[in-house]
2 protein chains.
Amino acid sequence: MNSSVHHLFREQTAGKKKRERTRGALLDSAISVFASKGYAATKITDITNHAELANGTFYNYYDDKDALLHDVAIGLAVEITSGIDAELQALIHAPTRVTLATARCLQIARQKPEWLRVLLESLFVVPEMQSAAVKYLRQDLELGIEQGHFTIEINLLLVNQILSLIRTAAIVDPQMSDITIQRTCEGLLRLLGLSSKKSANLVARVFKVHLEHCDA
Amino acid sequence: MNSSVHHLFREQTAGKKKRERTRGALLDSAISVFASKGYAATKITDITNHAELANGTFYNYYDDKDALLHDVAIGLAVEITSGIDAELQALIHAPTRVTLATARCLQIARQKPEWLRVLLESLFVVPEMQSAAVKYLRQDLELGIEQGHFTIEINLLLVNQILSLIRTAAIVDPQMSDITIQRTCEGLLRLLGLSSKKSANLVARVFKVHLEHCDA
DNA sequence: ACAAAGATTGAAATTTCTCTCATTTTTGAG
DNA sequence: CTCAAAAATGAGAGAAATTTCAATCTTTGT
């Protein structure tokens, strides 16, 4: 049906024993089904059908849907952040770091729309997702304040406001066009205290330098 | 159990015929139950029990939960916006209008936490809520651009970003303390292009002039 | 006060999932 | 290839909701 569907977990478990491969199939199917029907509306049999497994097989691996979402979310988070983290290594300018991280995150959402949708749902079901996101962000925010770029106070509300801008992009424009990514980055920088002009300039520059060969 | 529960719809239908009064009871109970258990987890019988009606009575009024949420959301939206709208009549300074509207909206969320929680859930189930919110906001955004205060481009993404800041306040701080309201207003103004300093000053001023006798 | 229309009731049929487990099939180490 | 262990199966019991509807009660206009 959709040749662009990715199989993160099946790839990760390709060479391993049957048990791990089946688990991978369940996790990949969970991503597809959670993304298309929403977590709440998903039934266990939706997932096992999609994975072409018997309904009972699910219970050899997980106690319930929540436990499955937990593993899916952790897996996705590790996959996404490890790549972005590596790319940011050399960057010391906090606004650039934040912009690039956000843009990369949203670009992944374009290539793999299901991933971000599932991750965003997991924020409210898997508590450790929230705190992991907060931890990552806070470092760059502190850096930006030290550097004098961000003229705001760091608090839990602000961090959640930032996450909500990313969430909003995914909801308003599931296709995640370049313009949506840029506007989201600009909005984020304005939220952190940069002027409209500086935000627009920085986003333009970051796209030119780091993202020009990555268009949809 | 909770003397602070409001009965918007029962009040609205007090003098009317039985049919309308029962509908009002269902709507008020729906607000309570949706807010306390969440929309997805709410069963029809939760609502009829809360309204002290037989389970079958629900089906004399609505086909399903969605139809009920629709009526609840419309009713709440009208109630909230009409009050705020009246207060904003005389104000012509767009940033002040936006700040005051946001602050009032969040103050209502403090007094009637159930209302905002239900409204926010409805944004993704009742499509016309989204467009109604957009219509209201857009006027003030255009005004602010004309006045030279907002240095942004109006688009669907921006409007949803604004709504998401309000949503975030409700999620992060359900108590809706004054500090959360202020930070949300400030973040909103920064998102619209005001500097951190101007945002903080304006919010302080608006709270002093319009909101000083309204503390929790 | 009366009766027809309108509204409510709650037991029971129906639907929809979850979860178990005895049985069958597959796997992979020797 | 063999066979014990591992994994998968899917029918069905059980739990939890939804929905229907014939019977009953309440309202309201006259």
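A few points about this structure:
- Against the numbered list (1) facing chain A (nearest Cβ under 10 Å); (2) in contact (Cβ under 8 Å) with a residue 40 or more places away in the chain; (3) in a loop (DSSP other than H, G, I, E, B), residue B:174 comes up short only at (1).
- Subset of the range A:62-73 [surrounded by fewer than 16 Cβ atoms within 10 Å (Cβ to Cβ) and under 13 Å from residue A:30 (Cβ atoms)]: A:64, A:66, A:67
- Residue within the range A:12-29 that is closer than 19 Å to residue A:114 by Cβ and at pLDDT below 95 present: yes
- Residue check for residue B:137: modelled with pLDDT of 95 or more and not assigned by TED's automatic domain parsing to the domain that holds residue B:30: no
- Which listed residue is acidic (Asp, Glu) and either free of Cβ contacts under 8 Å to residues at least 12 places away in the same chain or farther than 23 Å from residue A:109 by Cα (or both), from A:64, A:71: A:64
- Going through (1) in contact (Cβ under 8 Å) with a residue 12 or more places away in the chain; (2) farther than 21 Å from residue B:83 by Cα; (3) within 11 Å of chain A (Cβ to nearest Cβ); (4) buried (at least 18 other Cβ atoms within 10 Å of the Cβ) one by one, residue B:182 falls short only on (2).
- Hits in the range A:46-71 (condition: of a type in the set (Val, Ile, Thr) and more than 9 Å from DNA strand D (Cβ to nearest atom)): A:47
- Residue selected from the range B:33-71 under the condition away from chain A (no Cβ under 14 Å), of a type in the set (Gly, Ala, Ser) and part of a loop (DSSP other than H, G, I, E, B), by the criterion nearest to DNA strand C (Cβ to nearest atom): B:54
- Unique match (being within 11 Å of DNA strand D (Cβ to nearest atom) and more than 14 Å from chain A (Cβ to nearest Cβ)) among B:24, B:15: B:15
- Failed condition for residue B:115, given (1) surrounded by fewer than 21 Cβ atoms within 10 Å (Cβ to Cβ); (2) under 13 Å from the mean Cα position of the chain (by Cα): (1)
- Taken together, the criteria exclude residue A:81 from residues that are within 14 Å of chain B (Cβ to nearest Cβ), away from DNA strand C (no atom under 12 Å from the Cβ), hydroxyl-bearing (Ser, Thr, Tyr) and in contact (Cβ under 8 Å) with a residue 40 or more places away in the chain.
- Meets criteria (in contact with a Leu (Cβ under 9 Å, 6 or more places away or on another chain) and either outside any helix (DSSP H, G or I) or not assigned by TED's automatic domain parsing to the domain that holds residue A:78 (or both)) for residue A:124: no
- Residues in the range A:135-154 that are hydrophobic (A, V, I, L, M, F, W, C), closer than 24 Å to residue B:185 by Cβ and in a helix (DSSP H, G or I): A:137, A:141, A:145.
- Residues located in the range A:143-154, provided they are under 19 Å from residue B:195 (Cα atoms) and either more than 7 Å from every other protein chain (Cβ to nearest Cβ) or in contact with an Asp or Glu (Cβ under 9 Å, 6 or more places away or on another chain) (or both): A:144, A:145, A:146, A:147, A:148, A:149, A:150, A:152, A:153, A:154
- Members of the range B:185-205 that are within 7 Å of chain A (Cβ to nearest Cβ) and within 19 Å of the chain's Cα centre (by Cα): B:187
The values are calculated or read from the model by the stated rules, or taken from the named source; none is laboratory data. Keep in mind it's a predicted model, so treat the numbers as computed, not measured. Cβ coordinates were reconstructed from backbone atoms using ideal geometry, including for glycine residues, and neighbour counts include every protein chain displayed.
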